[in-house]
Amino acid sequence: MNRTGLFIALGAAALFTLIYALFPQLDLAAARLFYDPATKTFPASFNRTLEFLRQAAMVIAWLFAAPAIVAFFVKLIWPHRPLLISGRKMVFILFTIAMSAGILTNAIFKQNWGRPRPAATADFNGRWEFKPWWDSSGACPRNCSFFSGEAATAFWTYAPASLAPATIRPVAYVAATAFGTATGLLRMMFGGHYLSDVIVAGIVAFLVIWLTHGLLFRWGATRFSDENIDRWLGDKLIAGRAGMKNLQTRFAGDLALPHDGGLPRTFWWLVAMLAGLTAFRIVGLKVSVVDLFYDEAQYWAWAQAPAFGYFSKPPLLAWVIAATTKVCGDGEACIRAASPVFYLATALVSYAIALRLYGARTAFWTGLCIALGTGVVFSSRIISTDVPLLLCFAVALLAYVRLLDERDWRWAAVLGMALGFGMLAKYAMAYFVFGAALAAFVDPRARDLLRHRLWWIAMAIAGLLLLPNLIWVAIHDFATLRHTQDNITGGRSIGFNPLNAVGFLVAQFAVCGPVIFAVFLMTFVRPIRDRLQPADRIMIAFAVPPLAIVAFNGIFNHANANWAAPAAISMTVVAVAILVRQDASRWLRVTVAIGLVAQIVLPVADAFADRISLKFLAKPDVYARTIGWRALSESIASVSLANGAKAIVADQRDIVASLIYYTRKFGLPILSWRTSRAFNHQFDIDRPLTPASPEPLLYVSGCPLPSRLAGHFTAVEPLPAIAAPAGRRSSRTVFAFKLSGSRGNDAPIGPCVP
């Protein structure tokens, strides 16, 4: 890492700039070497041996970094011990791989430089225009081509090569160059990067390494000595541990304070923690590459025409999405942004419930355990009806708890509004009424409240808020209620399978958290049940009905794990209260730790969802259900435009919903072709295919048979199937037909039967 190396790197950069200024099409010429025009693919991308070599290259690179990573974590655990390797070497390795293989490539350039990858450009059967390396205005939205992250990781091996003994250092540099070149060549063979992406990756990696090496080993050799780095790191870690102990002592004092009507200091600590958690979740949504699931796309489509009801759900979620997209646009992250914000509010309301019933310490842990419950961590990455439902349920429970102690009409109004808006979120809000009825059996105050006029005033307010939705449902032939019934029964006749109920209850360990649900189940054991407080019994009363009703339904029909989600609010409050009383804070820390691990792993996985494939699973692409909807929809739109279609029609809700969202920029009407006389979803009502629909039509379906179309159109032209990757090893395919000459027959499309 001397001046000669720098001059070589700068000379290579100058030569590269000159050549590509004169011949920008060199990238296309190099990419064509690996492209097969007959199959319109990059054949190497299907070669398992080459794929293995690609993955092995990354493993090899990170193995070179492993000693520094291990040394750093050992120092974290035992700060008094000397570093296992030289301090400067550890910092050199960790900083250079973080910069060249992570921050500069994946975090900065690839997310903001819109150059499409070769396989995504029109020259290679893609949908976007080719852009030279210096042009960042391409159509690629994220995880783009410039520059190659894997090539930069491979070229990063210049760093360990520079630390090799002087006698073999030249050989190590040659090996690192060959390794980086081979890895970059693999990326080109797969259609993942252009030649310029690989060259820039090598130059950038070398310059980062050269500058860092000079700072640590030449210019700042005295200041950044091994001893100074070891001592500084040890001192900081020891001081950090002392600070954490002081913080824990202050927390213990704050949490032990009785509630005197004011807000404890730990409330502000909780607010700060939840604010940071919410910000992290919003950033996770921004970097996520997960497409909108078709349910999410459906909710967005509803939000474009706010109404008092929709075919399968009440309207509140559509209203929420309409509000958020007015603020920050129609991107996936904005559509989902309400989830982390609503869960922040849910955690704070749960804090207020626990504070009222149990005091500051239980309230603090309740807020954390709600926010980091495994089900909430998972749900905060998507937008669903459970998100506003849980907030409404928590607000209603807080108002109910306040009404138990004070008959205040203001809390009755809050209860009524929470119940009404909760029903507008999801009809599962009705569980609250069952919980209040059960609470009346175990607590005299609850019985008195049910007889008080304020309770019935709250019910009246809820009914008034729900009334417009009920009118909408009645006008539309009670479609929502019929759909809810079909959803509960699964569209099947009643059977008998107790294992469904068992599976549902087991799933609650994942939904509510293993510790929380285990402690809740223990409340039904006699020794613990005999020591329960009145507040415990009320909280249990609100948790039991959702669990019991859904489990009972599961015996005869089926039961989804999230159907009893409202039970998590009161269940967490009572479980935390019991653990606090038993001074079992270690289990509370375990709960928070599990949530934190999930909170870190899931957003990171979302950012690389299109690359995750676990070979040992029956379905290796774990994100296959939510990846590929954008690519499929845009491919369908391209085929439609190429064939002069004036509208696109599909007979599947998932395809219709995805097309409406992901083809909105094309301006093509999206229509739904019913598969039965009755409406099957909202799009059958709002976007039906009729004899007056514009022609020609592009019809896409999972059925390849053109024969069933002849009774509806005089001209039926089969087109090539349209496919899009749903991961590394899976794809999503539809069959396409160009239709014209409507016979005026608006009957449903027939079944896919030869």
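Laboratory data are not the source of any read-out in this text; all were calculated from the coordinates shown. All values reported here derive from a predicted model rather than from experimental measurement. Cβ sites come from the backbone with ideal geometry, for glycine too, and all protein chains shown count toward neighbours.
What the table shows:
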| item | result |
| --- | --- |
| Set of lysines near Lys665 by C-alpha distance (under 23 Å), chain-local residues within fewer than 8 positions excluded | Lys131, Lys286, Lys326, Lys646, Lys738 |
| Region 700-706 - phi-based ³J(HN,Hα) in whole Hz, Karplus 6.51/-1.76/1.60, Gly and Pro as x | 10, 7, x, 9, x, 8, x |
| Distant-in-sequence amide H partners of Ala647 (H built 1.01 Å from N, under 5 Å) | Leu698 |
| Only Lys, Arg (+1) and Asp, Glu (-1) charged, at Cβ; region 263-603 dipole about Cα centre in debye | 800 |
| Interchain or long-range residues, amide H under 5 Å from Thr41's placed H | Asp36 |
| Calculated from backbone phi, Karplus (6.51, -1.76, 1.60) coupling profile of region 447-463 in Hz, x at Gly/Pro | 5, 4, 5, 5, 8, 7, 5, 4, 4, 6, 5, 4, 4, 5, 4, 4, x |
| Under-5 Å amide H pairs with Trp128, H placed in peptide plane, nonlocal only | Thr121, Ala122 |
| Segment Arg728-Ile69, extension gain: residue separation times 0.36 nm, minus the distance between their alpha carbons | 234.3 nm |
| Assigned charges on the beta-carbon of Lys, Arg, Asp, Glu; the chain dipole about Cα centre (debye) | 1180 |
| Computed FRET value (nearest 0.05) for Leu467 with Phe23, which takes r as the C-beta separation and R₀ as 45 Å | 0.05 |
| Region 263-603 - Rg and Dmax from Cα coordinates, angstrom | 19.4, 56 |
| Stretch gain in nm, segment Arg410-Ile685, where the contour uses 0.36 nm per residue and the Cα spacing is subtracted | 95.0 nm |
| Coil-residue trypsin sites (Lys or Arg not before Pro) of region 667-754, DSSP, other Cβ within 10 Å capped at 13 | Arg677, Arg743 |
| Reachable aspartates and glutamates from Lys615, criterion Cα separation under 19 angstrom, eight or more residues apart if same chain | Glu51, Asp606 |
| Relative contact order of the chain, pairs being alpha-carbon contacts under 8 Å that are 6 or more residues apart, as % | 10 |
| Cα convex hull of region 629-742 - mean projected area over all directions, nm² | 6.9 |
| Most positive-pole-ward Cα, Leu104, Ala642, Trp411, against dipole of the chain from beta carbon charges | Leu104 |
| Longest exposed-site-free window of the chain, the sites being GluC sites (Glu not before Pro) in a DSSP loop that have at most 14 other C-beta atoms within 10 Å | 407-754 |
| Among Ala692, Phe713, Ile655 the positive-end extreme of the charge dipole of region 629-742 (Cβ point charges) | Ile655 |
| Between region 179-216 and region 379-442, the alpha-carbon center distance in angstrom | 56 |
| Positive-pole candidate from Trp587, His558, Val574, dipole of region 555-616, charges at beta carbon | Trp587 |
| Diffusion coefficient, µm² s⁻¹, Stokes-Einstein with Kirkwood Rh over alpha-carbon pairs of region 565-624 at 20 °C and 1.002 mPa s | 150 |
| Spacing of the two label points (7 Å from each Cα toward its C-beta) at Lys665 and Ser137, in nm | 1.4 |
| Approximate spin-label separation Ala678-Arg526, in nm, with each point projected 7 Å along Cα-to-Cβ | 4.9 |
| Size-normalised alpha-carbon gyration radius of region 3-226, reference 2.2 N^0.38 Å | 1.10 |
| Length gained when the stretch Ala307-Arg589 is fully extended (0.36 nm per residue, less Cα-Cα span) | 97.1 nm |
| Rounded to the nearest 20 debye, dipole of region 629-742 from Cβ charges on Lys, Arg, Asp, Glu | 300 |
| Among beta bridges that DSSP assigns inside the chain, antiparallel share in %, nearest 5 | 65 |
| Overall dimensions of the chain as given by Cα atoms, namely Rg and Dmax in Å | 30.2, 91 |
| With at most 15 neighbouring Cβ atoms within 10 Å, loop chymotrypsin sites (Phe, Trp or Tyr not before Pro) (DSSP) excluded, longest segment of the chain | 135-477 |
| Spin-label model distance (nm) - Leu641 vs Asn745, 7 Å beyond Cα toward Cβ | 3.4 |
| Mean Cα-pair separation over length for region 387-449, i.e. relative contact order, pairs under 8 Å, 6 or more apart, % | 34 |
| Normalised contact order of region 3-226, rounded percent, pairs of Cα under 8 Å and 6 or more residues apart | 25 |
| Label-zone membership for region 142-169, site Gln55, 7 angstrom Cα→C-beta point, backbone N under 17 Å | 150 |
